[in-house]
Structures are given as structure tokens and as C-alpha cells.
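The values are calculated or read from the model by the stated rules, or taken from the named source; none is laboratory data. All values derive from a computational prediction rather than experimental measurement. Cβ placement follows ideal geometry from the backbone for every residue including glycine, while neighbour counts extend to all protein chains displayed.
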Amino acid sequence: MQRILVTGGCGFIGSEFIRRQLATYDDVTIVNLDALTYAGNVENLAEIERHARYEFHKGDIADRDLVMRLLAGNPFDAVVNFAAESHVDRSLLDSGPFVRTNVVGTQVLLDACREAKVPRYVQVSTDEVYGSLGPTGLFTEETPLAPNSPYSASKAAADMLVHAYHHSFHFPAIITRCSNNYGPYQFPEKLLPLFITNLLANEQVPVYGSGQNVRDWIHVSDHCRGIDAALRRGKVGEVYNFGGRCEKTNLEITHLLLELLEKPKTLIRYVADRPGHDLRYAIDCSKAERELGWNPEVTFSEGLRSTIDWYRANSGWVSRVKSGEYRRYYTEQYGARLT
Ligand code: NAD
Ligand code: TYD
């Protein structure tokens, strides 16, 4: 495994994956293709941007000519596709970019990888493709896809395309499906970074509905170790679920944050529920444990504390992201105009 094309590497999970790959393996070169949408921030990779085994290309995975050219001119040992529109609330406002990037972008990557005969492809997907659970039960790899939001519908469509390319053309693909990630560098629109950064600024936190929805939380480093295990040891054509075995209601998380940050309960603001809000996600990750020798290592209490510490120590990153100023960093750094 020497040359890996990572797409969406300037986002939250992709940037963690790239940092870890370069730190863990001496023989890996990473080429990062990222369109730098609002969620893509080159500052997330500031510590490795001049690394001898790292190369950045600004570009859109749905741009067929660009992707075909990049793959034709580069012998890659693997492609790992993180690039996506990733926020459910945004998908409810406008599903267009979700279909374009998550579905068409994946199709373009699959075609380009087939043409270039890339020997391994990993599609980074989500447990949200399985829909919503009631109070009991867990998602397994056999759970039928039943997505409920435009975001999860677009991810499920992408997964089905990946499956179809494997089934029809023996395309060497693996799909990973993970539960809710948290950790450093997460864009502060998702629950944990939004609530942590608001509370650090003594601002209210908007809890949707009654706050009883359940998510299964996993530290981003555990997710990236799982993707690495699937990439290196996974079986082509298989799906692997990753989760943290850590179910919490949103209200439990909110109270935990208030306690850790020593903030008053008056900062909780109940707001109108998200339309079609999935009640509960919970992952059975025993297949990945059994077949990949992977298991989640970071406990929620230690992961949450270190995540809070990171946001506290990186107030500059937070304010640049919240103000949109991080986009100027790119212009200064690369001398290019942002679209
Ligand atoms: P993110 O929103 O932080 O980052 C997405 C990245 O993709 C950004 O750098 C963005 O610029 C880039 N991108 C978007 N559209 C692009 C395009 N058309 N071409 C090239 N690059 C483009 O997302 P994330 O939280 O890091 O999620 C990464 C992947 O993991 C996504 O596929 C997501 O569905 C999946 N996932 C996320 C979670 C989670 O909890 N965040 C859980 C399971 C799976
Ligand atoms: P989110 O981080 O958007 O992830 P996802 O919807 O993909 O699981 O939301 C996690 C949970 O937190 C979800 O049940 C919605 C809820 N939530 C709030 O209550 N308030 C908020 O401001 C946000 C962003 C999410």
C-alpha cells in the first residue's frame, strides 16, 4: 500500500485519516483531492502540508474530466472516498449538493477507478443508511437500507452504486459504515463541536425536540483505525460497521457538557425538532472486531475531555471557522481564489 488517493481529506475525518497514515506508515504517499467546500479547511492539515509524502489537489469528485485525468496520470494502490456533503440539517434545506457530490461524485470516482484499474477502493459510509431504530436492537451489516434524510438517502444511493460495481464488474470495493464521530477539527455545525464551542462562549445550545434521540458515539481516531483496517485487511465486496458501543441521548450529552464545562442549565434552549428526526442509531461492530481485529479504544469520558481540551486550546481555529476567515488562509497559502 504505497500511493493512496484520499478524497475529502480537508474535512474532519479525512484530515485525521491523512495525519494518521503519514505518522503510522513510512511507505505511504497521500494524494488529497478536496473541493474545499465550506466544510473543507486546509488549516486542518497545516502540520503536514509540506510533508514530502503529501500532495494536495483542489478539485471536485463530480468533475469527470478532472478525476479521469488525475487517476489516469497516477498509479494509485488505493482510493479512499471521504468526500461528501455530510450534514443532515443542510440536506433538509437543499438536497442538490448532496446528490451531486455523494451520488454523482461517487459514480465518477468508481468509473475513473475502474478505468485506471485501481486495485482497492474504500467507500466511507454511515450507519444512517440503515434508517432509524426503536428503543432496542442494533444495526448489523445485514440490516436493510432504509434511509430517512436526503443526506442518508444520498449516502445509501452511493453505497448501492458501489455494491453494483462490485457485483457487476468485480470492482474491488469495500464499504465502511460508522456511527457518529467526535473529536478535534469537526466543523461546529454538528452536535458536539457546536455545543462545546457555544458553551465555551457562554452561548445557548439548541436541543432539538425533547432531546431523547440516541446516537452511538465513536472517537474519530477509532473510526480512522477502522478504515485503515478495512483498507489493509478487509475483504473485497464486504461491508464493515464501526461504532463506539456508546449510546447516549442528546440530553445526556448536553448535561455532561454542562457539567464538564461548569455551565448553568439555563444555557439549554429547546428548539423545534428536526423534520423526520431519526430516533436512535446503534451499531453492532462485532464483524469488524472478529474479521479485522479492530475495536474501539477511546472511552467516551476520556475522548470527550480531550475533545473539549482541544476546542479550548484551539480558539483561533474555532473563531476562524465560525467567521469564515479560514477561507482566507487558503487564499494566502495557495494564492488561489475560492469558488
Ligand atoms: P466533512 O463535512 O467534515 O468533510 C467533507 C470534506 O469533503 C470537506 O473537506 C469538503 O471540502 C470535501 N468535499 C465536499 N464535496 C466535495 C466534492 N464534490 N469533491 C471533493 N471534495 C468534496 O465530513 P466528515 O464528517 O469528515 O465526513 C467524511 C465522510 O465520513 C463522509 O463521507 C461522511 O458521510 C462519512 N461519515 C461521517 C460521520 C460523522 O459523524 N461525521 C459518520 C460516519 C460517516
Ligand atoms: P448531528 O451532529 O447533526 O449528527 P446526525 O444528525 O448525523 O446524527 O446531530 C446529532 C444529534 O444531535 C441528532 O439527534 C440531532 C441533534 N442535534 C441537536 O439537538 N441540536 C443541534 O443543534 C444539532 C446540530 C444536532
Report summary line: By residue number, the members of the stretch 14-42 that are in a helix (DSSP H, G or I), surrounded by 23 or more Cβ atoms within 10 Å (Cβ to Cβ) and not aromatic (Phe, Trp, Tyr) are Gly14, Ser15, Glu16, Ile18, Gln21
Query - Conditions (1) part of a helix (DSSP H, G or I); (2) crowded, with 18+ Cβ neighbours inside 10 Å; (3) not aromatic (Phe, Trp, Tyr); number of the one not met by Asp278 - result: (1)
Query raised in the report: Of the residues that make up the stretch 196-212, is at least one of a type in the set (Phe, Trp, Tyr), over 26 Å from Glu291 (Cβ atoms), within 13 Å of ligand 2 (Cβ to nearest atom) and part of a loop (DSSP other than H, G, I, E, B)?
Result: no
Requested in this report: Filter the stretch 188-228 down to residues that are of a type in the set (A, V, I, L, M) and more than 23 Å from Gly40 (Cβ to Cβ) and give me whichever is nearest to ligand 1 (Cβ to nearest atom).
Outcome: Val214
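Restricting to the stretch 1-37, count the residues that are of a type in the set (Phe, Trp, Tyr) and free of Cβ contacts under 8 Å to residues at least 40 places away in the same chain. Don't jump to the end; show me each part of the working.
Step one: filter the stretch 1-37 for residues of a type in the set (Phe, Trp, Tyr), giving 12, 17, 25.
Now restrict to residues that are free of Cβ contacts under 8 Å to residues at least 40 places away in the same chain: 25.
Looking only at that region, the number is 1.
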Requested in this report: From (1) among the small types (Gly, Ala, Ser); (2) within 16 Å of ligand 1 (Cβ to nearest atom); (3) farther than 22 Å from His277 by Cβ, pick out the condition that doesn't hold for Gly243.
Outcome: (3)
Query raised in the report: Only one of (1) closer than 19 Å to Val122 by Cα; (2) within 19 Å of the chain's Cα centre (by Cα) is not met by Tyr165, so which one is it?
Result: (2)
Query raised in the report: With respect to Tyr182, is the statement that it is within 15 Å of ligand 2 (Cβ to nearest atom) and in contact (Cβ under 8 Å) with a residue 40 or more places away in the chain true?
Result: yes
Requested in this report: Look at Ile218 and say whether it is surrounded by 23 or more Cβ atoms within 10 Å (Cβ to Cβ) and within 16 Å of ligand 2 (Cβ to nearest atom).
Outcome: yes
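Residue by residue, here is whether (1) touching a Ser or Thr at 6+ places or on another chain (Cβ under 8 Å); (2) charged (D, E, K, R); (3) closer than 24 Å to Ile218 by Cβ holds:
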{"position": "Gly243", "(1), (2), (3)": "yes, no, yes"}
{"position": "Lys263", "(1), (2), (3)": "no, yes, no"}
{"position": "Leu279", "(1), (2), (3)": "yes, no, yes"}
{"position": "Ala282", "(1), (2), (3)": "yes, no, yes"}
{"position": "Leu292", "(1), (2), (3)": "no, no, yes"}
{"position": "Glu302", "(1), (2), (3)": "no, yes, yes"}
{"position": "Trp317", "(1), (2), (3)": "no, no, yes"}
{"position": "Arg320", "(1), (2), (3)": "no, yes, no"}
{"position": "Ser323", "(1), (2), (3)": "no, no, no"}
Query raised in the report: Would you say Phe187 is under 30 Å from Ile308 (Cβ atoms) and either touching a residue at least 24 places away in the same chain (Cβ under 8 Å) or polar (S, T, N, Q) (or both)?
Result: yes
Requested in this report: Check the stretch 177-187 and report whether any residue there is polar (S, T, N, Q), part of a strand (DSSP E or B), within 12 Å of ligand 1 (Cβ to nearest atom) and crowded, with 17+ Cβ neighbours inside 10 Å.
Outcome: yes
Query raised in the report: Of the conditions (1) more than 14 Å from Val80 (Cβ to Cβ); (2) more than 9 Å from ligand 1 (Cβ to nearest atom), Ala62 fails just one. Which one is it?
Result: (2)
Query - helices (runs of 4 or more DSSP H) contained entirely in the stretch 43-132, each with at least 2 residues that are crowded, with 20+ Cβ neighbours inside 10 Å and of a type in the set (A, V, I, L, M, F, W, C) - result: 64-72, 106-116
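Could you grab me the full set of residues in the stretch 252-268 that are closer than 11 Å to Gly211 by Cβ and either charged (D, E, K, R) or assigned to a loop (DSSP other than H, G, I, E, B) (or both)?
Residue satisfying the conditions is Glu252 alone.
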Query raised in the report: Is it the case that the stretch 77-87 has a residue that's of a type in the set (Ser, Thr, Tyr), within 16 Å of ligand 2 (Cβ to nearest atom) and over 17 Å from Ile175 (Cα atoms)?
Result: no
Requested in this report: Quickly run through the stretch 124-155 and pick out the residues that are without any contact (Cβ under 8 Å) to a residue 24 or more places away in the chain and among the charged types (D, E, K, R).
Outcome: Glu142
Query raised in the report: Of these, Ser301, Ser286, Ser319, Ser315, which one is more than 20 Å from the chain's Cα centre (by Cα), at pLDDT below 95 and either within 16 Å of ligand 1 (Cβ to nearest atom) or surrounded by fewer than 20 Cβ atoms within 10 Å (Cβ to Cβ) (or both)?
Result: Ser319
